[in-house]
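Written out below as structure tokens is the structure these notes cover.
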Amino acid sequence: MNEEHMQEWEQQPRETDRAFEAFKAYLDMGPNRTHAKVGTLLGKSEVVIERWASHYDWAGRIRAKSVYLAKLEREATAGVVKVKAAEWLARQQGLREREWSVQERCIDAAEEALRRFLSDPERKSSLAEIARILDTASKLGRLASGMPTDRTEVAAEVNVTLDVEWEMALKKVYGEQAGKKVIDV
């Protein structure tokens, strides 16, 4: 493998096969790893294992692999989130299209019912039924287009007190009538 693309936890240049085998064993032991356990496992003295660990920076290499794996996990998680977001966006768009289609059919049905209501003396539909169809169509259309489905009006009385300095400035600019007219906003 090209040295510039080599990962720190892979066999390093001038690292012997035995030293790398010891490092792999140490790495694979997980959080309960010790130099003594590696020595026992490979039939090497703890002094040799500690020398290799120091010379080939086992602790730094393990940190590098942990950082690399955490980065991969974050990227994989972000990828899953992006895929799920795209799926939900497609679902939302599909639902909006269906709601719009139903809304259009409701409008057509209401128009037909209104035409019959106005022309047919037997009047099979009532104006209330037609109004309900139109109300439903309106709500579906608003939902499909991302608009609010209801309107809320707020009626409130507001009392405002003008500062004397502001009142004087207004009178200076607009004359004595300033502040006497009520403007409905």
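Summed over the range 50-85, residues that are exposed (fewer than 11 other Cβ atoms within 10 Å of the Cβ) and of a type in the set (D, E, K, R) total 6.
Across the range 29-46, the qualifying residues are those that are charged (D, E, K, R) and in a helix (DSSP H, G or I), and the one among them that is farthest from Ala19 (Cα to Cα) is Lys37. In the range 56-94, what count of residues is obtained for those that are part of a helix (DSSP H, G or I) and touching a residue at least 40 places away in the same chain (Cβ under 8 Å)? Result for the range 56-94: 6. The condition of being surrounded by 12 or more Cβ atoms within 10 Å (Cβ to Cβ) and either outside any helix (DSSP H, G or I) or in contact (Cβ under 8 Å) with a residue 60 or more places away in the chain (or both) does not hold for Glu21. Test Arg151 against the criterion of being modelled with pLDDT under 75 and touching a Phe, Trp or Tyr at 6+ places or on another chain (Cβ under 6 Å), and give yes or no. Judged against the criteria, Arg151 is not a match. If I filter the range 65-117 down to residues being more than 21 Å from the chain's Cα centre (by Cα) and among the polar types (S, T, N, Q), which single residue comes out as farthest from Ala128 (Cα to Cα)? Ranking the qualifying residues of the range 65-117, first place goes to Ser66.
Taken as a whole, the structure leaves Glu104 outside the set of residues that are modelled with pLDDT of 70 or more, in a loop (DSSP other than H, G, I, E, B) and not hydrophobic (A, V, I, L, M, F, W, C).
The values are calculated or read from the model by the stated rules, or taken from the named source; none is laboratory data. Since this is a predicted model, take the numbers as computed values, not measurements. So basically every Cβ, Gly included, is an ideal-geometry build from the backbone, and we count neighbours across all protein chains shown.
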